[in-house]
Each structure stands twice: as C-alpha cells, then as structure tokens.
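**Student:** The structure that follows is given in the form of structure tokens.
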Amino acid sequence: MTSELDDLKVYEETEVGWDENTPPNEILDGEGNVITDKNYGDPNAPPRRVYDDLEVVALREKLRLNNGIRGLDICDPDEIERITRIFRRDGFVVVRELLNAEQLERFREGSARILKELLSIPGHGKRKYLNETGRLPHRYSYGTSSSSRHLMHDPAWASMVDLPTTTPILTALMGEDDYYVWGGGGDLCLPGAIEYQQLHSDFKDDQDDGDVRLDYARSSGLIEVDPDKPFEELDFRTKRLVFDRTPRTVTINFLMSDLTWENGPIRQIPGTHTAPQNPPSVAEEADWMRWSTLVGAAAGAGVFRDNRAWHGATPNLSKEIRALPNLEYSPGWIDEQTLKKSMPYEIWETLTPHGQKICRAITEEPGVWPKGAGVMHALASKRDWTKKHRTTNA
Ligand SMILES: [Fe+2]
C-alpha cells in the first residue's frame, strides 16, 4: 500500500497536510488530551481545514495582496558590514545562498527524514497526524519534538555548524570567533496550517548580568565605551546599548523552499529585539504585523535571528511543506555549564577544527550517547519517558 509519506519532500507540492478532521486551534497537552486555551489560538482562523473552503480562499486572497515586508533587505553572504548593520537595526537579517546545492540537498533529506518519523505516528480518531504538545495543528518543532531537545546527533544538522558562508557572519555578529553552538532544530508547517501563531520572543532577557556583558562588549569591540567605568556608572543609554548588542542567542534558520506569500513565511517584527514589553496577542495584532513576513527569500538562504525579536509562524495555505531547520549559537560570555550535551563524540570527531571548537560544550564523552537523542515524538510525555529510561541509541 502506498502512503503519502513514501516520497516525502520538504519542497514542491505534496499530498501531506490539509487534514480536515483536525479542527482549528486544537491543542494537545503532554498526554495527548485536547485542551481549550482561548488565549492561545487564532480567533480569526478559517473554520475548516479545507483547501477550497470559502474562508480559506478569502484568507489566501488577502495574503496574495498583502503578505511580505515591502523592500525586504536580502544580503549576499560576503556583505558582512551590511549584514551586521541590518541585524542590529532590525533584530534579524536575510542572507541569500548560504547553502550550496549539495548542502541544500543534504539538509532537505534530513528535514524530510525526521518529519516522516513524526508524521508516521497516527493521530487520534480520524485525524491524519498527532499534533505536537502545546503547538498549533500541522506545526512541529524539530527541536522540541526530539527527546534531547536538539538534533545535534544527526549528521545533516551537525555538518552545518561551520560553513564558509556562515562562520564569518557569526563572527561579526558575536564580535569574536570564540562562540558556542548550543543546539539545533528548527520548525516546519504542513500545508493546511491555517492559524497564525502568536508573536513571541524565544526567551526573556533578564538583563541582570551587565558587568559580564559589558566586559565582553568592550573586549570584542562591539561597543566603544569608557574603559574604566563599571557597568553601574554608565549612563542609561550606554547600559541599554550593552544589552542591545549582546543577545544571548543567535539562530540561523535555513530555507528548504522559497518563502512565498502562500506557504507560511516566518513573520518578524523589525526592531523588537530590544523591547522589554510583551508582543500583542493574535487578536490584538495590527494588520501590518500580520503581513511583516520574509516573502521573497529563496531556498538555500537563511535568516539570522536575534532570538529576542518578536516573530511567529503564519498560515500555510499552499500545497508545499515549509521547513526551516536551524542552528542555535551563543556568544562566549554565557556560562557554558548551562549548555546541554546533545552531540555524540563520534559526530563531533567528523567536524572541522572550528566546528569542534564551537561544539565543545555540547559534546558528550566518547562512548556516551546523549540522553534522548534520536527519539522523536509529538507528545511531551513520551519524550520524557525516553529521556528517563533510555541511555543508548539502540
Ligand atoms: Fe520562536
């Protein structure tokens, strides 16, 4: 019997997705029970997950007319100064052709292989798929659905940590080349992900470590500041600049397909990486924010994101999967004890010398398999069980 998963690809049209038996905004808890959280879903979502449903058609037309940032900057990989300026200004920057044809193929193969594992788990009742815990239907995170929280045990992800195109850019954004990989995963949506995901920051910047970040910003030349003053004696604007220039994480999301107005392009709100206030809910969000997406970025490109910048997923009303596998980096000033071991030593040995240096803090001892690595499951309870009970990749 053939299955829609037999020849799964994360680019071009597919039979996958558009499951009309999965109601809009249906969220599962850790055990797989449906929970109703009115604050979480998209109140404007079409009522049926059907390609030709009249409200889906109407939303598609709105997206066709409006979706995408006008005049989106897209840089070449060697435009380091421009990339750095835009990243600091907006909290994200799109760079074309980060991956060559062979690297793109390798990442596409890995992204499809892992997704196939997730979609092979049957859904409840007549549903085609099992939703991921706490996530809107037809949306999955490669990272959070892995028991180890990362995919650094996978050769496709590990082989991307140090690329000729990305390393000079990361070095400029971090201020120096002695930084860390803290993990990798990414996210994807299937065709028929009709809901908007709420805008969010990936973490809250507590800003309680001014002296550490000032020392780093000073020594790496990220800002010019009086060499003798401790953090507390700086004026308020300079204090802010110290925090603005030292994000705790920088993520690269790689595009497996072109981002179009129709296939769920990521939305990013420029300038919000330095905002301490919370982003609006989906119901309160302004239209211009809904259309603030990275339409026009092509397969093989990537988005460098300050993870504090407000962002969110948008409806995929196409017939194509939209996958954005990622790698997550942290600057040298963070406490490396906070990084989790997710890379097996045997994978680490295959990396370039720079790749080995930046992955040192996430690499296990020889012969020790990282807890949970290699087990994918949509439900949090299943992932937790694996993490507690399995210590090998058998
Ligand atoms: Fe996010």
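Derivation of every value follows stated rules applied to the coordinates shown; laboratory data play no part. Please read all numbers here as calculations on a predicted model, not as lab measurements. All Cβ positions, glycine included, derive from the backbone under ideal geometry; neighbour counts span all protein chains shown.
**Student:** Mind checking which aspartates and glutamates have their Cα closer than 12 Å to the Cα of residue 371? Skip sequence neighbours fewer than 8 apart in that chain.
**Tutor:** Straight-distance partners of residue 371: 384.
**Student:** Further question: So who's got an amide H within less than 5 Å of the one on residue 129, skipping anything under 5 residues away but keeping other chains? H placed 1.01 Å off N, in plane.
**Tutor:** Hits under the 5 Å cutoff: 123.
**Student:** What is the order of 234, 98, fewest Cβ neighbours within 10 Å to most?
**Tutor:** 234, 98
**Student:** Okay, next question. Hey, what do the phi angles of the range 361-369 turn into as Karplus ³J(HN,Hα) couplings, whole Hz, using 6.51/-1.76/1.60 and θ = phi - 60°, x for Gly and Pro?
**Tutor:** Result, rounded to whole Hz: 7, 9, 9, 6, 5, x, x, 9, 8.
**Student:** Could I ask something else about it? Which ³J(HN,Hα) values in Hz, rounded to whole numbers, follow from the phi angles of the range 214-227 under the Karplus curve 6.51 cos²θ - 1.76 cosθ + 1.60, where θ = phi - 60° and Gly and Pro get x?
**Tutor:** 5, 4, 5, 4, 5, 6, 8, x, 5, 9, 9, 8, 2, x
**Student:** Quickly work out the residue 283-to-residue 357 label distance, labels modelled 7 Å from Cα along the C-beta direction, and quote it in nm with one decimal.
**Tutor:** For the pair residue 357/residue 283, the computed spacing is 5.2 nm.
**Student:** Would you compute, from DSSP H runs of 4+ residues alone, the mean residue ellipticity of the chain at 222 nm, taking -39500 (n - 2.57) per run and dividing by the full residue count, rounded to the nearest 500?
**Tutor:** Taking each H run of at least 4 residues, the total per residue is -7000 deg cm²/dmol.
**Student:** Moving to a separate point now. Semi-axes of the range 1-130's equivalent ellipsoid from the Cα gyration tensor, sqrt of 5 times each eigenvalue, largest first, rounded to whole Å?
**Tutor:** That gives 33, 23, 17 Å for the three semi-axes.
**Student:** Along its three principal axes, how long is the range 207-246 when you only count alpha carbons? Whole Å, largest extent first please.
**Tutor:** 20, 19, 16
**Student:** Roughly speaking, what is the stretch gain from residue 113 to residue 54, that is 0.36 nm per residue apart minus the C-alpha to C-alpha distance, in nm to one decimal?
**Tutor:** 17.9 nm
**Student:** Check cross-link reach from residue 9 to the aspartates and glutamates: straight Cα distance under 19 Å, and skip same-chain residues fewer than eight apart.
**Tutor:** Leaving aside aspartates and glutamates fewer than 8 places away in the same chain, those within reach of residue 9 are 19, 102, 105, 109, 117, 154, 187, 258, 262, 320.
**Student:** So what is Rg over Rh here for the range 239-394, counting just Cα atoms and using Kirkwood for Rh?
**Tutor:** My calculation of the ratio gives 1.01.
**Student:** Kindly express, to the nearest 10 degrees and within the range 0 to 90, the angle between helix 80-90's C-alpha long axis and the longest C-alpha principal axis of the chain.
**Tutor:** Tilt of helix 80-90: around 70 degrees.
**Student:** Sequence-distant or interchain residues sharing an amide H contact under 5 Å with residue 75, placed H: which?
**Tutor:** Result for residue 75 returns 94, 95, 96.
**Student:** Using the count of nearby Cβ atoms within 10 Å as a rough guide to exposure, how do 76, 154, 6, 228 rank from fewest to most?
**Tutor:** The most exposed by this proxy come first: 228, 6, 76, 154.
**Student:** Could you tell me the relative contact order of the chain? Use alpha-carbon pairs under 8 Å, at least six residues apart, and round to a whole percent.
**Tutor:** 27
**Student:** Just the projected area, averaged over all directions, of the convex hull on the alpha carbon atoms of the range 246-337: how many nm²?
**Tutor:** 7.1
**Student:** For the chain, take the longest principal axis of its alpha carbons; what is the angle in degrees between that and the long axis of helix 380-389, to the nearest 10 within 0 to 90?
**Tutor:** 60
**Student:** Taking θ = phi - 60°, what integer Hz values does the Karplus form 6.51 cos²θ - 1.76 cosθ + 1.60 yield along the range 339-349, in sequence order, with x for Gly and Pro?
**Tutor:** With coefficients 6.51, -1.76 and 1.60, one gets 7, 8, 6, 10, 10, x, 4, 5, 7, 4, 4 Hz.
**Student:** Also, quick follow-up: Once every Cα of the chain carries one equal point scatterer and solvent is ignored, give the base-10 log of I(q)/I(0) from the Debye formula at q = 0.11, 0.15 Å⁻¹, two decimals.
**Tutor:** Each listed q corresponds, in turn, to -0.80, -1.48.
**Student:** OK, next. What list do you get for 290, 49 if you sort them by fewest beta carbons within 10 Å?
**Tutor:** 290, 49
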